[in-house]
1. Leaving out ligands and nucleic acids, and using a 1.4 Å probe, what accessible area per residue does the range 143-271 come to in Å²?
2. Round to the nearest 10 and report in Å² the accessible area of Lys287, as given by a 1.4 Å probe over the protein chains' heavy atoms.
3. Return the distance in nm (one decimal) between the two label points of a simple spin-label model at Asn172 and Lys28, each offset 7 Å from Cα along Cα→Cβ.
4. Could you work out what % of the accessible surface of the chain is carbon and sulfur, using a 1.4 angstrom probe and leaving DNA, RNA and ligands out of the count?
5. Residues with amide H under 5 Å of Lys225's amide H, sequence separation 5 or more or different chain, H placed in the peptide plane at 1.01 Å from N; which?
6. Rounded to the nearest Å, what's the spacing between the alpha carbon centres of the range 217-240 and the range 123-159? Just the number, please.
7. Is any residue of the range 167-206 close enough, with backbone N under 17 Å, to a label point placed 7 angstrom from the Cα of Glu226 along the Cα-Cβ axis, and if so, which?
8. How tilted is helix 144-154 with respect to the longest principal axis of the chain? Cα atoms for both, answer in degrees (0 to 90, nearest 10).
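The values are calculated or read from the model by the stated rules, or taken from the named source; none is laboratory data. Worth saying up front: this structure is predicted, and the values here are computed from it rather than measured. Note: ideal-geometry Cβ built from the backbone for every residue, glycine included; neighbour counts use all protein chains shown. Keep in mind that these areas ignore ligands, DNA and RNA; they rest on the heavy atoms of the full protein, side chains included. Shrake-Rupley method; radii C 1.70, N 1.55, O 1.52, S 1.80 Å.
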Amino acid sequence: MPHILNGKKVAQKLKENLKIEIENIKLKFNRVPGLAVVQVGNVAASSVYVKAKTKAAKEVGINVFDHHLEETIKQSELINLINELNDNKDVDGILVQLPLPKTINEDLVLNSIKPEKDADGFHPLNVGKLSISTTNNENLLIPCTPYGCLLLLRELNINLVGKNAVVIGRSNIVGKPMAQLLLKESCTVTIVHSKTLDIENICKKADILIAAIGKPEFIKKDWVKEGAIIIDVGINRVEINKEKSKLVGDVLFSDVEDKVSAITPVPGGVGPMTIGCLLRNTTIACKKNNKN
Ligand code: NAP
């Protein structure tokens, strides 16, 4: 049986530590971190994520400023709100839930968030800092999902140096920052994507395989090296029958489980870590803001 990397448990530990940190911030600065959560429209999955993030933030003692906006809001109005939040001293982190409606330029909105308040770690300045930094990640605002994946890998207490890591997917949210983080750990990193030739053979050489594709149960046993560590980022809803559906990852768990040494389940693997790392970023931003 492989080691099941229980994201719920690890995220709970992260949240307990943040709770203590936030109590210390309160004692020292007489305030707690503030997170502004901006949702535009009513995409069902976004509402689920926003609810989970808000609940988790409140649990650790973060103040949440909820901004749920109409789908018809103009881009300029949304940017005006971001500017207000940028200037609001009670707000340390700003999260804009994606996707935004097609009428709004996502990059423009994300780039209007002050880098110091970039709770998701998507701002070009923070992306650049991650890319050029050679020190530990302690004070960096890092995209939450890949950082959560790294924390899960650390739970295994293995030496990552020199490991052959393959990241499937090159999105700005997951694939690219994941590769940067693994590179910082001195892994030998390969990124593959939909245009990669001979992808199966590249994946088969991976000691660590990170799947961030968005295709249900796409990765089967044949793609996986004996004893590999698998981090399954995918969250895909598939129908069981007309009334029921379930969440599955990008990896066919039942097919690979006998072959791998460790694997994340879906749900309960990377998902909770993403939320935990959002709270981490907000707390880091607050500590930095209080110093300035
Ligand atoms: P994305 O922006 O759609 O990127 C998907 C990537 O997969 C792209 O780079 C794409 O290649 C690549 N890809 C697609 N088909 C492929 C194929 N047949 N072979 C190889 N590569 C292929 O998705 P994302 O935002 O990175 O998210 C990926 C998955 O993670 C989704 O299931 C999403 O729901 C999930 N997710 C989970 C969390 C969490 O908290 N657990 C957070 C974020 C995302 P091209 O670039 O060539 O198109």
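1. 47 Å²
2. 80 Å²
3. Reported label-point gap for Asn172 and Lys28 is 3.2 nm.
4. Within the chain, the accessible surface is 52 percent carbon and sulfur.
5. Sorted by chain and number, the residues that satisfy this are Ala206.
6. If we compute the Cα centre of each part, the gap is 23 Å.
7. Only 204-206 pass the distance filter.
8. With both axes taken from Cα atoms, the answer is about 50 degrees.
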